[in-house]
Amino acid sequence: MIRKFISRVFSGKKSRAGSNQPAIIPVSSHGITRDRISSGSRRACETLQEKGHKAFVVGGAVRDLLIGADPKDFDIATDATPEEVRRAFRRSRIIGRRFQIVHVMMGSETLEVTTFRGTLDEKTKTDEHGRVLHDNVFGSQAEDAARRDFTANALYYDPTSETVLDYHHGVGDLKAKTLRMIGEPRARYREDPVRMLRAVRLAAKLGLSIDPEAKKPIREMAGLLENVPAARLFDEMLKLLTSGHSVKCITQLRDEGLHHGLLPMLDVILEQPMGEKFVMAALANTDDRVRRGKGTSPGFLFATLLWHEVLAHWDKMKAKGEAKIPALFQAMDTVLDVQGEKLAITRRIAGDIKDIWALQPRFEQRAGKRPYALLEQPRFRAGYDFLLLRAEAGEIDAEVAEWWTHFQQAEGDKRAEMLIPEAAGDKKKRRRRKKPANGGVDRNISE
């Protein structure tokens, strides 16, 4: 049905990029009825319209509905200023520095409401590379459409009239399975280098081909990502990894040379046969969880991506005579410090990553009381899932993972029977261990 309405709407007159008048597509053609959008976004649009403003569901939600996908969230675009939006909704707050937006809380929904953006001019504040730093310039809906990144994202849905407004032939590009940039690609990438990452993510997620004109400059302009705040890159990387198409995204990131600004160690990792197998297995597992509607952990994702670099550092330190566990903690800190220069991994997520890594040597201990103690660890499940990926990639003996699978399922005497007899040397080591002074936590796990 969607293909038929697209062909019918665009078989004659087409609204080309740069037009000030949009193609107005009725519900009889596009089929998106108001009950397909969230109740919160409906009420937000209606409230603003009742106060004399224009208000539309915009961007990705409209795009996803047109291709038959379920939108993750619903953003609103309006001609009301941030202050006017804030006054219209009791539960709302203005956020943002580069461009002010309003978060409007509707029940359990948090809606992002933006004012139509105006055309950039010589007064717009940019850095030396052309990246826009301050952008609280408001304008018309046509100007707002021209400021959006891709034609597929410059689509506006009015829940009152149930019409779609298309300024830049975005519906036609969706039909052609093409991701096309609005405006001159080089200029748009200089304004916001994150658009290069977004192009890769959307193309992979939606099954689109990046238009050659938009794709050509990416490799040579990838260095502009160095000027983007690390926190913003981290947010974009999370979206990419949790898109449900992370395998394709990571592969294309590398093909386009974009990974240097995000995962500088990815080349080294993927050049190792074991490393590539492990990373791809981890990403495929994440994609499967996303498609089945299961949750994903940022800490787990980055733990998988960086693990083989930790292994490489760990092996070097052990070869120099460092004790096994202290060497592991030194390797973890080294890798996270290097990665932290590119992505602002939060302290909480970094803690989760280190917990997962630190548990791995403990899975080798299957004697005495230590397996029981490991089961009680708060991060046991994440560490166990990580162990399964290592076994799947052939990094460790599959028997170890199978043992832990059965051990946690067994009960009482059956669990006790599974314990592996402790070697005499291990018993001697354990007797020599001293309780840490002042009630501290003993991180010196038995080797």
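The values are calculated or read from the model by the stated rules, or taken from the named source; none is laboratory data. Remember, predicted model here, so these are calculated numbers, not experimental data. With ideal geometry, Cβ positions are generated from the backbone for all residues, glycine too; neighbour counts draw on all protein chains shown. Only protein heavy atoms, including side chains, enter the accessible area calculation; ligands, DNA and RNA are left aside. Shrake-Rupley method; radii C 1.70, N 1.55, O 1.52, S 1.80 Å.
Structural remarks
- Count of residues meeting criterion [exposed (fewer than 15 other Cβ atoms within 10 Å of the Cβ) and hydroxyl-bearing (Ser, Thr, Tyr)] in the range 368-386: 1
- Filtering 171, 194, 228, 137 for residues that are in contact (Cβ under 8 Å) with a residue 12 or more places away in the chain, closer than 30 Å to residue 49 by Cα and surrounded by fewer than 22 Cβ atoms within 10 Å (Cβ to Cβ) leaves a single hit, 137.
- Filtered by the rule that a residue be touching a helix residue (DSSP H, G or I) at 6+ places or on another chain (Cβ under 9 Å) and surrounded by fewer than 15 Cβ atoms within 10 Å (Cβ to Cβ), the range 32-43 gives 33, 35.
- The condition (being more than 27 Å from residue 97 (Cα to Cα) and either in a loop (DSSP other than H, G, I, E, B) or over 23 Å from the mean Cα position of the chain (by Cα) (or both)) is satisfied by just one residue among 68, 40: 68.
- Taken across the range 133-150, residues that are in a loop (DSSP other than H, G, I, E, B), closer than 20 Å to residue 236 by Cβ, out of contact with any Leu (no Cβ under 6 Å at 6 or more places or on another chain) and at pLDDT 90 or above do occur, with at least one present.
- Where residue 422 falls short, out of the listed (1) open to solvent by less than 40 Å² (accessible area, probe 1.4 Å); (2) within 42 Å of the chain's Cα centre (by Cα); (3) modelled with pLDDT under 85: (2)
- Residues (in contact with a Ser or Thr (Cβ under 9 Å, 6 or more places away or on another chain), open to solvent by 10 Å² or more (accessible area, probe 1.4 Å) and not aliphatic (A, V, I, L, M)) located in the range 288-308: 289, 296, 298, 300
- Restricting the first member to the range 114-125 and to residues that are modelled with pLDDT under 65, and the second to residues that are open to solvent by less than 20 Å² (accessible area, probe 1.4 Å), the beta-carbon pairs closer than 7 Å and six or more apart or on different chains are 124/132; 124/135.
- Restricted to the range 264-379, the set of helices (runs of 4 or more DSSP H) holding at least 1 residues that are under 17 Å from the mean Cα position of the chain (by Cα) and touching a residue at least 40 places away in the same chain (Cβ under 8 Å) comprises 273-291, 298-319, 324-340, 347-359.
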